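The values are calculated or read from the model by the stated rules, or taken from the named source; none is laboratory data. Keep in mind that this is a model prediction, so the values were computed, not measured. Because the Cβ atoms are built from the backbone with ideal geometry, glycine has one as well, and the counts that use them run over all protein chains shown. Side chains included, ligands, DNA and RNA excluded: accessible areas come from the protein's heavy atoms. Shrake-Rupley method; radii C 1.70, N 1.55, O 1.52, S 1.80 Å.
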Amino acid sequence: AAGAKCVVGGSKLSLGSHFYAPTLLIDVPTDADIWKTETFGPVAAVRSFDTDEEAVEIANDSSVGLASYFLTKDLSRTFRVAKTLEAGLVGVNDGIISTCTAPFGGVKESGLGREGSTIGLQEYVETKYVFINY
């Protein structure tokens with residue numbers, strides 16, 4: 001990302017063109033492309049913020065919203081921030097949040113609907129409402 005500092009990684013691995021070294025970018029400017037696209041790879045972009053509201057604004061300033069992650073020890077902050085993040089999945093204090101028992105899917109350009117869990121089964125069901133008045 002332009003203007004960011006690469007702390008570790010940042011290159012393809014010798015295993016082939018589809019393998020990329022785990023990468024940590026710090027001081028990533030808010031206008032960097034990495035904030036605006038879904039990166040399906042081992043790349044973490046990090047930048048500082050002064051308030052929770054600023055962090056959420058940065059996270060939501062994108063046309064995609066599959067997943068968001070954050071760390072906190074404050075349970076009230078957990079619910080407040082998770083509620084305002086525009087993402088289909090939110091991971092708090094963990095980076096591995098997918099499971100077959102949870103609905104999976106994004107918002108915005110990251111998708112419509114869910115797969116997995118009983119909620120995902122609703123995508124394959126047609127609901128019919130019939131009202132009869134004799």
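Brief remarks on what is shown
- Identity of the residue in segment 1-18, of a type outside the set (Gly, Ala, Ser) and farther than 18 Å from ALA45 by Cα, that ends up modelled with the lowest pLDDT: HIS18
- If you check SER48, SER98, SER68 for being over 23 Å from ALA2 (Cβ atoms) and hydroxyl-bearing (Ser, Thr, Tyr), only one passes: SER98.
- Verdict on GLY120 being farther than 18 Å from ALA55 by Cβ, open to solvent by less than 30 Å² (accessible area, probe 1.4 Å) and at pLDDT 95 or above: no
- Residues in segment 54-72 that are closer than 18 Å to LEU89 by Cα, open to solvent by 40 Å² or more (accessible area, probe 1.4 Å) and assigned to a helix (DSSP H, G or I): GLU57, ALA59.
- Matching residues in segment 13-27 - criterion: being surrounded by 12 or more Cβ atoms within 10 Å (Cβ to Cβ) and under 24 Å from ILE96 (Cβ atoms): LEU13, TYR20, ALA21, PRO22, THR23, LEU24, LEU25, ILE26
- Residue in segment 18-33 that is nearest to GLY95 (Cα to Cα), counting only those that are of a type outside the set (Ser, Thr, Tyr) and in contact with a Leu (Cβ under 7 Å, 6 or more places away or on another chain): ALA21
- Neighbours by Cβ (under 6 Å, 6+ apart or cross-chain): first from segment 95-118, in a helix (DSSP H, G or I); second open to solvent by less than 100 Å² (accessible area, probe 1.4 Å): SER117/ALA102; SER117/PRO103
- For THR30, the criteria (1) touching a residue at least 24 places away in the same chain (Cβ under 8 Å); (2) touching a strand residue (DSSP E or B) at 6+ places or on another chain (Cβ under 9 Å); (3) loosely packed, with under 14 Cβ neighbours inside 10 Å; (4) among the hydroxyl-bearing types (Ser, Thr, Tyr) hold in every case but one, which is (2).
- Residue in segment 73-80 that is without any contact (Cβ under 8 Å) to a residue 60 or more places away in the chain, surrounded by 10 or more Cβ atoms within 10 Å (Cβ to Cβ) and touching a Leu at 6+ places or on another chain (Cβ under 9 Å) present: no
- Every residue from segment 119-132 that is assigned to a helix (DSSP H, G or I) and among the polar types (S, T, N, Q): GLN122
- Of everything in segment 41-53 that is surrounded by 13 or more Cβ atoms within 10 Å (Cβ to Cβ), out of contact with any Gly (no Cβ under 8 Å at 6 or more places or on another chain) and of a type outside the set (Gly, Ala, Ser), the residue that is farthest from LEU24 (Cα to Cα) is ASP52.
- Some residue of segment 60-68 being farther than 30 Å from LEU121 by Cα, of a type outside the set (D, E, K, R) and at pLDDT below 95: no
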